[in-house]
Amino acid sequence: MTNLALLPSIDYLLNRREIRNLSTRFSRTFIKEELNRILDQFRLNPPSFSTREECVALVLEAINQNLPTEPGLKRVINATGIVLHTGMGRAPLSSAAQQQLVSIIGGYCNIEIDLDTGK
């Protein structure tokens, strides 16, 4: 038996420990989008559940099956002959540039604000 009124809210799911633990690997926005996609699928083609907790268990199973287990970015060797390859992150950064970048993006920064004009 399936009762769509038993579908949990996104907020309820986002507050579950199992979902909060995913935030170490994925952004909240990405997790929320994935949960919305799963619940939309359940509305179109409802699985069998008779309690909210059974439904939550199915959602957790679905999200764990659908999320990538490894980060999408990996180190590769550019053997294309194209030095500034857009599909491979363009040119590698020097160690000094990497350290400078990490020190800046580790907190708030002026990514889209011109500090001279305030725009």
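The values are calculated or read from the model by the stated rules, or taken from the named source; none is laboratory data. Note that the coordinates shown come from a computational prediction; the quantities given were computed from them, not determined experimentally. Methodologically, a virtual Cβ is constructed for each residue, glycine included, from the backbone with ideal geometry; neighbour enumeration extends over all protein chains shown. SASA here: full protein model, heavy atoms, side chains in, ligands and nucleic acids out. Shrake-Rupley method; radii C 1.70, N 1.55, O 1.52, S 1.80 Å.
Backbone N atoms of region 29-54 closer than 16 Å to the 7 Å Cα→Cβ label point of Leu67 belong to residues 29-39.
Considered as an equivalent ellipsoid built on the Cα gyration tensor, region 1-55 has semi-axes of 22, 12, 8 Å, the largest given first.
The calculated FRET efficiency for the pair Arg75 and Ser23, based on their C-beta separation and a Förster distance of 25 Å, comes to about 0.50. Between Val102 and Asn15, the simple spin-label model (points 7 angstrom out along Cα→Cβ) gives 3.7 nm. A Förster distance of 25 Å, applied to the separation of the beta-carbon atoms of Leu84 and Ile111, puts the FRET efficiency at 0.65.
Out of these labelled values of semi-axes √(5λ) of the Cα gyration tensor in Å, [x] 33, 20, 19; [y] 27, 16, 12; [z] 41, 20, 13, which was calculated from the coordinates shown here? Matching entry in [x] 33, 20, 19; [y] 27, 16, 12; [z] 41, 20, 13: [z]. Taking the inverse of the mean reciprocal distance over all distinct Cα pairs, the Kirkwood hydrodynamic radius of region 32-79 comes to 12.7 Å.
Per Stokes-Einstein, at 20 °C and 1.002 mPa s, what whole-number D in µm² s⁻¹ belongs to region 56-119, with the Kirkwood radius over Cα pairs as the hydrodynamic radius? The partial results should precede the final answer.
Working: Rh = 16.3 Å.
This corresponds to a translational diffusion coefficient of 132 µm²/s.
The residue list Ile31, Val102, Ser50 was ranked by how far each Cα lies along the charge dipole of the chain toward its positive end, using unit charges on Cβ atoms, and Val102 comes out on top. Roll a 1.4 Å probe over the protein heavy atoms and report the accessible area of Asp116 in Å², nearest 10. My reading of the accessible area for Asp116 is about 150 Å².
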